[in-house]
1. Tell me, which residue of the stretch 45-64 that is in contact with a Cys (Cβ under 8 Å, 6 or more places away or on another chain) and hydrophobic (A, V, I, L, M, F, W, C) is surrounded by the fewest Cβ atoms within 10 Å (Cβ to Cβ)?
2. Can you find even one residue in the stretch 131-145 that is more than 17 Å from THR94 (Cα to Cα) and modelled with pLDDT under 85?
3. For the stretch 74-107, give me each residue that is under 17 Å from THR146 (Cβ atoms), free of Cβ contacts under 8 Å to residues at least 60 places away in the same chain and of a type in the set (Gly, Ala, Ser).
4. Which condition does ARG81 not pass, out of (1) at pLDDT 95 or above; (2) part of a helix (DSSP H, G or I), if it passes all the others?
5. Filter the stretch 54-73 for residues that are assigned to a loop (DSSP other than H, G, I, E, B) and either free of Cβ contacts under 8 Å to residues at least 24 places away in the same chain or not assigned by TED's automatic domain parsing to the domain that holds THR129 (or both) and give the result.
6. Given (1) surrounded by fewer than 12 Cβ atoms within 10 Å (Cβ to Cβ); (2) touching a residue at least 40 places away in the same chain (Cβ under 8 Å); (3) not assigned by TED's automatic domain parsing to the domain that holds GLY161, identify the lone condition not met by ASP35.
7. Return yes or no: is ALA122 touching a helix residue (DSSP H, G or I) at 6+ places or on another chain (Cβ under 9 Å) and either in contact (Cβ under 8 Å) with a residue 12 or more places away in the chain or over 18 Å from THR62 (Cα atoms) (or both)?
8. Would it be correct to say that PHE106 is hydrophobic (A, V, I, L, M, F, W, C), more than 21 Å from GLY167 (Cα to Cα) and exposed (fewer than 14 other Cβ atoms within 10 Å of the Cβ)?
Amino acid sequence: MMMAVAVSVAGFAGTAMANAFDDCVLENMRGVTSDLAAKSIKIACLRKVSVDIPKEELSALTGRAEYADFGQQFGRGFWIRLENGSAYIVTSVTIDVHVGVGDNQFFETDDFFMPEPGVIYAGPPDDPTRSMQIPRFSKVDFRIITPQPNIDMKKQNFKWGIAAAKGIPVK
């Protein structure tokens, strides 16, 4: 009797907590013996199960952007603070940037890592998919490195917005 209850509870918990990302990882990890392969599978699964976030949900992604200089090693680009109020775990964002009378430019990223000033990193993160997700109800700072000669850093003479995003629906 106790065994049946344990199996029943475990089965219920598995279906209640599972999502497409977890299912993909579990399915593809069979027989994997290296950390590098496991990390690659997680990244591939995150990209595979991400869906386009509907246009009506994009308004729940709010924030601000500045054009900044990230130093000699990285150069210039956009610093973005994004707040996720959508019903998705955001896994990719495409920003639309407009400068002056020129055409709009689109920049897509699925890397939301922003190094902390003054911190020396000894290597890549243990789980690269952690910096590839913006959880619901969270605020994340990230950067998109792209030199833009027509943007004045003091004037911040550009307009921006979220053109598209991908994510994993949260129930």
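The values are calculated or read from the model by the stated rules, or taken from the named source; none is laboratory data. Owing to the predicted nature of the structure, the values given are computational and were not obtained by experimental measurement. Every residue, glycine as well, gets a Cβ built from its backbone with ideal geometry; the counts of neighbours run over all protein chains shown.
1. In this case the residue turns out to be VAL49.
2. Looking for residues that are more than 17 Å from THR94 (Cα to Cα) and modelled with pLDDT under 85, one finds none in the stretch 131-145, hence no.
3. Result: GLY100, GLY102.
4. Every condition holds for ARG81 apart from (2).
5. Passing the criteria: PRO54, SER59, GLY71, GLN72, GLN73.
6. Every condition holds for ASP35 apart from (2).
7. Against the criterion (touching a helix residue (DSSP H, G or I) at 6+ places or on another chain (Cβ under 9 Å) and either in contact (Cβ under 8 Å) with a residue 12 or more places away in the chain or over 18 Å from THR62 (Cα atoms) (or both)), ALA122 does not qualify.
8. no
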